[in-house]
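K.L.:
Attaching a single structure in structure tokens format; questions to follow.
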Amino acid sequence: MKQHTPQHHLPALVARVIAAASRAKPADAVLRETLRTAGGLTAAESREISRAVFAYYRWLGWLDRKLAVAEQVERALELARRFADAPERFSEGELLARAVPAWAVVELNVAPDWAAVIQSEPVLWLRARRGQGGKLAKKLGDGAIHAQAAAAETGEFTLPDALIYEGEEDLFRKKEFQAGEFEIQDIASQAVGLLCDPKPGETWWDACAGEGGKTLHLSDLMQNKGQIWASDRAEWRLKKLKLRAGRANCFNYRAVLWDGGERLPMRTKFDGVLVDAPCSGTGTWQRNPHARWTTTPEDVRELAAVQERLLANVAPAVKPGGRLIYSVCTLARSETSAVAKAFSKSHPEFAPAPLASPFLPSASPSPQLWLWPQDSGGNGMFVAVWRRL
Ligand SMILES: C[S@@+](CC[C@H](N)C(=O)[O-])C[C@H]1O[C@@H](n2cnc3c(N)ncnc32)[C@H](O)[C@@H]1O
């Protein structure tokens, strides 16, 4: 039988997470571990603890650090409530000055409403199998919203198979999840898969495949036909990819370790190569507010250099006529547009290929797309595409 944790222990658990979180141990990882080991927490209590921890980091720029952590958390929750009720009371200047570190305002070409969006709670996005968004929303029932149906009412644009989940059930236990009918995947990441636009029968390389979020999407778009090489330098991530692929009935992939160096793990030439590169993650600051205070401009510079190297190393594997896609969940200029510009300069055999934003279809197609949270409703991402001449 579940042991019940008294309500008054919840603030202590919140304070414990905050005390243990650091640059080396991000708050979301500490939180997961704390919830797992605390014992006896109900789902509602876990949600309450998570909400308090994230509110603390989201509103940290407003807090008096001399106060006890519990008082700061109370104040952060109060600010979150006030912001949800009347966002217009917070000026853009105030938000930019307090919501993110000063270096970010210089590095990120911040759009006016970005700071307001990252102060609100993020949406949980699901990706249904190709063409199944509406059906899946009906099957999941209460709390599942087919984004396209909702957007049609307001005249906005979104992706066909994206769902918002506002329900309270444990999604990992749903039979539809066990049957591979959906993945939990941010909508901007879903956009990257669609922008790759792989065709059934083609050969693709997902060079930084990680746990396979985009590999699975590419496979679904290819109707499981053709082949995807999925590589990463972290073996444990590829192990997770294999588990997820089994559940999603994805068979047309081959997982391989690759350290990102010049020596490629295959001789194949590809119709498409996706480099979903390691990055500073500034685009995830709504979902992951602790990272606002642990990421540094040095991280941005170092990761930009890694991204440049990865692009240069995969380039020879793209077939003439094939496409190279570079995506990152950051909006920092040194990583995104500067890396794309450097690649174009050093690789004249690759021509930038224009893309239309799925969220702003009336904007002119561009070879560099900034997917801002205020347009997509998800993480901020940057995507650049080239075609090999
Ligand atoms: C943004 S994550 C990929 C996320 C994944 N594509 C998805 O959609 O789930 C970046 C990945 O790059 C991998 N990585 C980091 N440095 C690398 C390197 N030098 N060479 C190859 N992979 C690297 C990391 O292990 C991580 O899995």
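The values are calculated or read from the model by the stated rules, or taken from the named source; none is laboratory data. Keep in mind the model is a prediction, meaning the values are calculated, not measured. No Cβ is skipped: glycine too gets one built from the backbone with ideal geometry, and neighbour counts run over all protein chains shown.
K.L.:
From (1) touching a Leu at 6+ places or on another chain (Cβ under 9 Å); (2) of a type outside the set (Ser, Thr, Tyr); (3) touching a residue at least 24 places away in the same chain (Cβ under 8 Å), pick out the condition that doesn't hold for Gly143.
P.N.:
Every listed condition holds for Gly143 apart from (1).
K.L.:
Here is a follow-up. Just to be sure, is Gly260 within 9 Å of the ligand (Cβ to nearest atom), without any contact (Cβ under 8 Å) to a residue 60 or more places away in the chain and closer than 15 Å to Leu311 by Cα? Quick ask: steps written out before the conclusion?
P.N.:
Details: within 9 Å of the ligand (Cβ to nearest atom): yes; without any contact (Cβ under 8 Å) to a residue 60 or more places away in the chain: yes; closer than 15 Å to Leu311 by Cα: yes.
Answer is yes for this residue.
K.L.:
For Ala342, are the conditions met, namely being touching a Phe, Trp or Tyr at 6+ places or on another chain (Cβ under 8 Å) and among the small types (Gly, Ala, Ser)?
P.N.:
Values: touching a Phe, Trp or Tyr at 6+ places or on another chain (Cβ under 8 Å): no; among the small types (Gly, Ala, Ser): yes.
Taking the combined requirement at face value, the residue does not satisfy it.
K.L.:
Still on this structure: Tell me the residue from Thr284, Thr296, Thr336 that is among the hydroxyl-bearing types (Ser, Thr, Tyr), buried (at least 16 other Cβ atoms within 10 Å of the Cβ) and within 20 Å of Gly61 (Cβ to Cβ), please.
P.N.:
Details: Thr296 fails: buried (at least 16 other Cβ atoms within 10 Å of the Cβ); Thr336 fails: within 20 Å of Gly61 (Cβ to Cβ).
It is Thr284.
K.L.:
When the residues of the range 199-221 are filtered to those that are surrounded by fewer than 23 Cβ atoms within 10 Å (Cβ to Cβ) and not hydroxyl-bearing (Ser, Thr, Tyr), which remaining residue is farthest from the ligand (Cβ to nearest atom)? Break it down into steps so the answer makes sense when it comes.
P.N.:
We begin by selecting, within the range 199-221, every residue surrounded by fewer than 23 Cβ atoms within 10 Å (Cβ to Cβ); these are 199-203, 210-211, 213, 221.
If we keep only those that are not hydroxyl-bearing (Ser, Thr, Tyr) too, we end up with 199-202, 210-211, 213, 221.
Details: Lys199: 20, Pro200: 21, Gly201: 22, Glu202: 18, Gly210: 3, Glu211: 5, Gly213: 3, Leu221: 14 Å.
Applying the filter and picking the extreme gives Gly201.
So that you can scan it fast, the table gives a plain yes or no per residue for (1) over 20 Å from Thr282 (Cα atoms); (2) modelled with pLDDT under 95; (3) in contact with a Ser or Thr (Cβ under 8 Å, 6 or more places away or on another chain):
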| position | (1), (2), (3) |
| --- | --- |
| Val14 | yes, no, no |
| Thr34 | yes, no, no |
| Ile49 | yes, no, yes |
| Ala52 | yes, no, no |
| Glu74 | yes, no, no |
| Gly93 | no, yes, no |
| Ile118 | no, no, no |
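K.L.:
Continuing with this model, one more query. Would you please list the contacts, defined by Cβ atoms under 9 Å and residues six or more apart or on different chains, that run from a residue in the range 227-246 that is over 19 Å from Gly261 (Cα atoms) to a residue that is polar (S, T, N, Q) and near the ligand (Cβ under 10 Å from one of its atoms)?
P.N.:
Ile228/Thr215; Leu241/Thr215; Arg244/Thr215; Ala245/Thr215
K.L.:
Scan (1) within 16 Å of the ligand (Cβ to nearest atom); (2) surrounded by 14 or more Cβ atoms within 10 Å (Cβ to Cβ); (3) assigned to a helix (DSSP H, G or I) for the single condition Leu159 breaks and write down its number.
P.N.:
Of (1) within 16 Å of the ligand (Cβ to nearest atom); (2) surrounded by 14 or more Cβ atoms within 10 Å (Cβ to Cβ); (3) assigned to a helix (DSSP H, G or I), only one is false for Leu159: (3).
K.L.:
Which helices (runs of 4 or more DSSP H) sit wholly inside the range 51-131 and have at least 1 residues that are closer than 26 Å to Gly213 by Cβ? Write out each step before concluding.
P.N.:
Values: elements: 69-85, 92-99, 102-107, 114-118.
Filter on the range 51-131 gives 102-107, 114-118.
K.L.:
Picking from Val339, Val318, which residue would you name as being touching a residue at least 60 places away in the same chain (Cβ under 8 Å), more than 27 Å from Leu163 (Cβ to Cβ) and β-branched (Val, Ile, Thr)?
P.N.:
On the way: Val339 fails: touching a residue at least 60 places away in the same chain (Cβ under 8 Å).
None of the others qualify; the one that does is Val318.
K.L.:
So is Leu241 among the aliphatic types (A, V, I, L, M), near the ligand (Cβ under 10 Å from one of its atoms) and part of a helix (DSSP H, G or I) or not? Reasoning before the result, please.
P.N.:
Working: among the aliphatic types (A, V, I, L, M): yes; near the ligand (Cβ under 10 Å from one of its atoms): yes; part of a helix (DSSP H, G or I): yes.
In short, yes.
K.L.:
Just checking, does the range 135-156 include any residue being surrounded by fewer than 20 Cβ atoms within 10 Å (Cβ to Cβ) and among the hydroxyl-bearing types (Ser, Thr, Tyr)? Spell out how you get there, then give the answer.
P.N.:
Going through the range 135-156, the residues surrounded by fewer than 20 Cβ atoms within 10 Å (Cβ to Cβ) turn out to be 135-136, 138-139, 141-143, 145, 148-156.
This time we only want the ones that are among the hydroxyl-bearing types (Ser, Thr, Tyr), so: 154.
Yes, some residue in the range 135-156 is surrounded by fewer than 20 Cβ atoms within 10 Å (Cβ to Cβ) and among the hydroxyl-bearing types (Ser, Thr, Tyr).
K.L.:
How many of the residues making up the range 272-323 are within 15 Å of the ligand (Cβ to nearest atom) and in a strand (DSSP E or B)?
P.N.:
Adding up the residues that qualify gives 5.
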